[in-house]
C-alpha cells in the first residue's frame, strides 16, 4: 500500500501547529506570508489612491508616513525576506537533495513561531498607532523625536530576525550534511546553490540589524546612546550598521528568485542549463560582494568621498555576476524547445524586469547621477523592479512550478498565463512612470506633489490596480485547483531533479527509499514532451 | 536524540548527526560574532573619536576585579575542556563533576561582575540622569564609555546565564546517564559555546580595563 501523503498524515490542529515536517512548516509560512503580503499591499493601495491627486485628499502627512512605513516593514521583513526561502526553500530543499527533512526539524518549527511572534509585535505596533520612521529607522529621528511605536516595531523585527538566522543555519547544516549519496556539490540543483548563498547572508547580516535596532531601542528608552549627535553619538554610524544588513537583504530577496528561474528555464526550454558552474559561483559572488556595497545608500549622507568611490566601484562589480546569470539564462533559451507554460512566463518576466532593475542600479551606483535622483521616485522604481519585478515574479513562478508537487493538483494553465501577463503589464505600468517622475525630481515619501506630476501618478495608480488584480487571480484558481484541479502525477513537467521522483504530494518521509544520484542536474535533451 | 545505537531522523547514521550538530554550532557562533561585532565597531569608532575621554573613563573600572574575573573565566574554560574530554571517554561521573566545577566558576564570575556593577552604580557611573563624572568636560563621552561598558558586559553576562542553564541541563543528563547515552557531542557543542563566551571576554577585558590614562 502507498504511504499516506504528508497532507493526510495527521489531521488534528496540533499535527499542523506542532509539526516538524518541513513540508507542513513550508505551508504554515505560505499562509502567514500571504497574509502579510495583503496587509502590505493594502497600505500600498491607500498610498496609490492618495497619490491620484496632487493635494492630500485621502490622508494627511502623518497618516501617509505611517502608511509607507507599514508597507515597507511588512513587505521587506514579513513577506520578501521569508518568501522563497521559508516557503519554497523549506518545502523543496530536502526533496531536492534527497533528504527526509531539515537537519534540525524542531528548530525549523521554532523559526516559524519566532516569525509569527515578530509579526504579532509588528502588527500590534501598526494597530496601536503605527510608526512613521520609514522601514529604514534613521536615527536620531527614530531614536529621539518620533512619537510613534518605534520600540514595539523594532522588537517585532528583532524577533523575526532570529527566525531568519535559524532558517539560514538550518539550510547550511542541511545542505552540508543531508545530501543523498552521490549528490556532490557540482551536481546540486542551482536553487540549492542560491539558498546556500542566501543563508550566508542570513547568518552574517541579520545579527547586525538586530544589534542596530537594539541600540535604537535603548537610546529611546534611556536617552543615552551612540546615534544621537546631541549626546555625542553619530547618526551615520546607524546608517552604516543598518545598510550593512539591509543592502545584502536585497540579495536575500533576489538570489532565491534567481535560483527558481534557473530551475524553470531549463525545464521549459528542454535544454541543459548553460554555464552551470558560473551560475552557481555567481550566487556566492553576489552574496559576498553584497557585503561590500552598503555605502552606496549613503553617497549624499556625508560619508567620505573616498569611501563613496570605493562603494561605487564595488556596486558596479555586482553587475558582473548578475550579468553572468542573465546571459546564461538567455544562452539556455537559445535553440531550446520553448514551452510557454505559466512558470515559464513568470521566469521570462523575471529576466526582463530584473535586467531593467539591475541596469538602473548601475545608474544609481554612479556618484554623480545618484546625487541627482537620490530620495526620488527613481529609487522607488529601481528597487521595486528588483524586489517586485524580480523577487515576487520569481516567487510566483516558483509557486506555479512546484504547486503540483505541493498539492498534488494541477491548476488552470490558461488562468495562470493570464495572471502572469496581467502582473507583468500592471507592474510596468505602475513603476515605469515612477522612473520618469523621479528623474523629473519628484521626491519619495511625500503625500502631495506639484500638479505637473499628476499624469504620471495617475498612470502609476492605474497600473497598481491592474497589478492588484493580477495578484488576486492566482488566489482564485489556485484555491479552485485544490478541489477541482486534475490530479498531478509525480512529474507533471517531465522535469529532472529528485523532488520529481517522489509522489505528488510527497509522503511524510519524502522518499520510500533513499535516492542515489549518479549524474548532474538538468539532463534535458531537447525532446518534445506532453505535460500532464 | 542520543540513543547510542541509532541516529534519529532525518539522519541516517550517527556520524552524520554529530557533524550536523557541529556545523550548526559553528554557524551559530558566526552569527554571535556578527552580533557582538556591531557593538565592537561602535566601541572602536567612539574610542577613536573620544580617545582621551575613553582613556580617562577606562581608569575608573576596577582592574583588579577585572583581571581576577578573567582568571576565573579562563579557569572555567579549562574545566569545560576537561568535561568535554570526560564526555567523549564516556566517564559520566567525571563529566558531572567537571560541569559542576565549571558552573561554580561561571557563577563566581557573575557574582564578581555584579559586585562591580553595584560599585559603579554607587559611584554614579550608571549612564542616565544620575551619571556624575569628573572632569565635567569629559562627562558626555565618558558616559558613552560606561554605556558601552554596561551594554557589552551586560550582553556578555546574559550569554553567561544562558551558558550556565545549558550546562545545568547537561549536568542533569550526565547524572542520570547510565553509560548507554553518548554525551560526547552535546558536551562538545556546549563547550564550543562556553569557550566562545570566554573569547568574547578576552576582547572586552582590554577594551574596558586596560585602556586607561597615564
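The values are calculated or read from the model by the stated rules, or taken from the named source; none is laboratory data. Bear in mind that the values here come from a model prediction, so they are computed numbers and not experimental data. When we count neighbours, we look across all protein chains shown, and the Cβ atoms used for this are built from the backbone with ideal geometry, even at glycine.
Screening residue B:10 with (1) more than 7 Å from chain A (Cβ to nearest Cβ); (2) part of a loop (DSSP other than H, G, I, E, B) gives one miss only, at (1). All told, residue A:263 falls short of being more than 18 Å from residue B:37 (Cα to Cα) and within 11 Å of chain B (Cβ to nearest Cβ). Taken over segment A:501-523, the criterion of being farther than 23 Å from residue A:406 by Cα and touching a helix residue (DSSP H, G or I) at 6+ places or on another chain (Cβ under 8 Å) is satisfied by A:519, A:520. Scanning segment B:121-139 for residues that are in contact with a helix residue (DSSP H, G or I) (Cβ under 7 Å, 6 or more places away or on another chain) and either assigned to a helix (DSSP H, G or I) or touching a residue at least 12 places away in the same chain (Cβ under 8 Å) (or both) yields B:125, B:126, B:127, B:131, B:133, B:138.
Restricting segment A:507-529 to residues that are more than 21 Å from residue A:183 (Cβ to Cβ) and over 32 Å from the mean Cα position of the chain (by Cα) leaves a set whose member that is modelled with the lowest pLDDT is A:527.
Of the helices (runs of 4 or more DSSP H) lying entirely inside segment A:342-438, those carrying at least 1 residues that are touching a residue at least 60 places away in the same chain (Cβ under 8 Å) and more than 22 Å from residue A:461 (Cβ to Cβ) are A:342-365, A:367-373, A:393-407. Under the condition of being at the interface with chain B (Cβ under 10 Å from one of its Cβ atoms), in contact (Cβ under 8 Å) with a residue 40 or more places away in the chain and surrounded by fewer than 20 Cβ atoms within 10 Å (Cβ to Cβ), the residues counted in segment A:224-244 number 2.
Evaluate the following for residue A:273: is it over 15 Å from residue A:89 (Cβ atoms), surrounded by 22 or more Cβ atoms within 10 Å (Cβ to Cβ), away from every other protein chain (no Cβ under 14 Å) and touching a strand residue (DSSP E or B) at 6+ places or on another chain (Cβ under 9 Å)?
no
Every residue, every condition in (1) within 14 Å of another protein chain (Cβ to nearest Cβ); (2) in a helix (DSSP H, G or I); (3) farther than 30 Å from residue A:22 by Cβ, yes or no:
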{"site": "B:25", "(1), (2), (3)": "yes, yes, no"}
{"site": "B:36", "(1), (2), (3)": "yes, yes, yes"}
{"site": "B:41", "(1), (2), (3)": "yes, yes, yes"}
{"site": "B:64", "(1), (2), (3)": "no, yes, yes"}
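Does segment A:353-375 contain at least one residue that is within 24 Å of residue A:196 (Cα to Cα) and surrounded by fewer than 19 Cβ atoms within 10 Å (Cβ to Cβ)? Yes, that holds for at least one residue. Go through the residues of segment A:465-477 one by one and say whether even a single one is farther than 30 Å from residue A:335 by Cβ, surrounded by 13 or more Cβ atoms within 10 Å (Cβ to Cβ) and out of contact with any helix residue (DSSP H, G or I) (no Cβ under 9 Å at 6 or more places or on another chain). No: segment A:465-477 contains no residue that is farther than 30 Å from residue A:335 by Cβ, surrounded by 13 or more Cβ atoms within 10 Å (Cβ to Cβ) and out of contact with any helix residue (DSSP H, G or I) (no Cβ under 9 Å at 6 or more places or on another chain).
Scan segment B:133-149 and give yes if some residue there is within 11 Å of chain A (Cβ to nearest Cβ), closer than 17 Å to residue A:221 by Cβ, over 14 Å from the mean Cα position of the chain (by Cα) and surrounded by fewer than 19 Cβ atoms within 10 Å (Cβ to Cβ), otherwise no. Looking through segment B:133-149, none of the residues is within 11 Å of chain A (Cβ to nearest Cβ), closer than 17 Å to residue A:221 by Cβ, over 14 Å from the mean Cα position of the chain (by Cα) and surrounded by fewer than 19 Cβ atoms within 10 Å (Cβ to Cβ). Scanning segment A:204-223 for residues that are more than 8 Å from chain B (Cβ to nearest Cβ) and within 27 Å of residue A:166 (Cα to Cα) returns A:209, A:213, A:214, A:216, A:217. May I ask you to say which residue of A:317, A:313, A:289, A:309 is surrounded by fewer than 23 Cβ atoms within 10 Å (Cβ to Cβ), in a helix (DSSP H, G or I) and under 19 Å from the mean Cα position of the chain (by Cα)? Criteria check complete, one pass: A:289.
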